[in-house]
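Heads up, the thing below is written out as structure tokens.
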Amino acid sequence: MQIRISKQQFKFYGQTALACLAFWLITDSAQGPGPFWPRLFNNAWLMLYITVVNFLFFEYALLYLRKNRPAMMRIIWWFLAIISLFFIFSFCLYAWRFIGIQLDIYTALIKFETIEKGTTYIVPHGLFSVLFFGVLKYRYNHQQLKLSAQQLRLEKREAELHYLRAQTNPHFLFNTLNNIYVLARDKSDLAPESILRLSGMLRFMLYETASDYIAIADEVRIIGEYLALETLRYDHSLRLNFNHDIEDMKQAVPPLLLIPLVENAFKHGVSETMENPYADIHLSVNRRQLSFIVKNSSEVSDEKAVVTENIGLSNLRRQLELQYTEYSLSVHQEKKEFVATLKINLASHV
């Protein structure tokens, strides 16, 4: 069996040994006055042996004892383990003390008439250390499990975010390509310009959306590019208003966070409006409070109509859940008008 010790294990057993050593020194001092340095070296010498034994027990022997086997065999192995620990922390520990005396490392402050009396005196040190190391080892393992679970949750969250973005981007591109298809089918002179704008958006999506956050100035720019691309499909009957009030254009937001609401306004509202289509978009960010309101024309006249969220809105809602703790997203149908309102406390990002 090859024995290895990681940096985390070395740190844990080293710190635990120092804590146990400090406890012994305090206990010895409370029992009566005596020379400090000999007492320190004595306990340190014993602690070296005890730390190695506890490391082997908790990292290797205990794992072997926990293996699945018949109940009787488990009882026998545990009995043998207890007997072995008693022997290791009595006669073997006393022998280690004797080695220290011979090497002039351990100072015999107490003389024992027999080996039995010596082992009786020294065995509590070893058995107490098992309890001391065991309690701290349990707490350490529990903490490591919590950290591992937290890391798994973070990795799952990141994987889900990447998946949602991977869904949103093709969906976004698919709708944009449909717009270009309409222009190409009609042999419009605007088709080349639309392709050029699409290439710019593709460049943005490939090279600038890989990070978790981008400057809100870039988000405003890509919204402007998308709106310019959409307006190529319409004549002068389309009324479009996009305004923003942002105190700091360098504030960070997730890439393409706002696009789904704009895209939804055109795909499921403006494009289906026969007369007087319009889109009114307002973005404000002040004191880390983002407000994004999108109003668009709609052929649905019933204010109580059920709003069915498409993949873009569903993905947006899930992204908000994963990235912010304080936000609200509401979509509702008014009389021939669809309104989407998004509010985020940008300081509440996870």
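Expressed as an acute angle from 0 to 90° and rounded to the nearest 10, what is the orientation of the C-alpha long axis of helix 7-31 relative to the principal long axis of the chain? It is inclined by approximately 50 degrees.
Relative to the longest principal axis of the Cα atoms of the chain, helix 115-185 runs at roughly 10 degrees. Simple spin-label estimate for Arg66 and Ala22 gives 2.8 nm between the two label positions (7 Å along the Cα-to-Cβ direction from each Cα). Pairs from the list Lys7/Lys137; Lys156/Lys250; Lys11/Lys137 with a Cα-Cα gap above 19 Å: Lys156/Lys250. DSSP beta bridges fully contained in the range 188-348 are about 75 percent antiparallel.
Bridges between two residues of the chain, per DSSP, are antiparallel at a rate of about 80%.
Peptides 22-28, 89-95 ranked from most to least packed, by the mean per-residue count of other Cβ atoms within 10 Å: 89-95, 22-28. Rounded to the nearest 10 degrees, the inclination of helix 191-207 to the longest alpha-carbon principal axis of the chain is 10 degrees.
What does the C-alpha gyration tensor say about the overall shape of the range 7-149? Classify as rounded when a/c is under 1.5, otherwise prolate if a/b is larger than b/c, or oblate.
The shape class here is oblate.
Annotation: extensible slack from Ile83 through Glu225 equals 43.3 nm (criterion: 0.36 nm per residue apart, minus Cα-Cα distance). Taking 0.36 nm per residue of sequence separation and removing the Cα-Cα distance, the Arg203/Ile293 pair yields an extension gain of 29.7 nm. Were the residues from Leu177 through Leu152 laid out at 0.36 nm apart, the gain over their Cα-Cα distance would be 5.2 nm. Only lysines eight or more places from Lys267 in sequence, or on another chain, were considered; those with a Cα closer than 27 Å are Lys187, Lys295, Lys304, Lys335, Lys336, Lys343.
With runs of 4+ DSSP H residues as the only contributors, calculate the mean residue ellipticity of the chain at 222 nm using -39,500 (n - 2.57) per run, divided by the residue total and rounded to the nearest 500. Write out the running numbers ahead of the final one.
Working: 10 runs with 203 residues, N = 350.
Rounded to the nearest 500, it is -20000 deg cm²/dmol.
No lab work stands behind these numbers, since they all come straight from the coordinates. Quantities reported herein were computed from a predicted structural model and do not represent experimental measurements. All Cβ positions, even for glycine, are placed from backbone atoms using ideal geometry, and neighbour counts span all protein chains on display.
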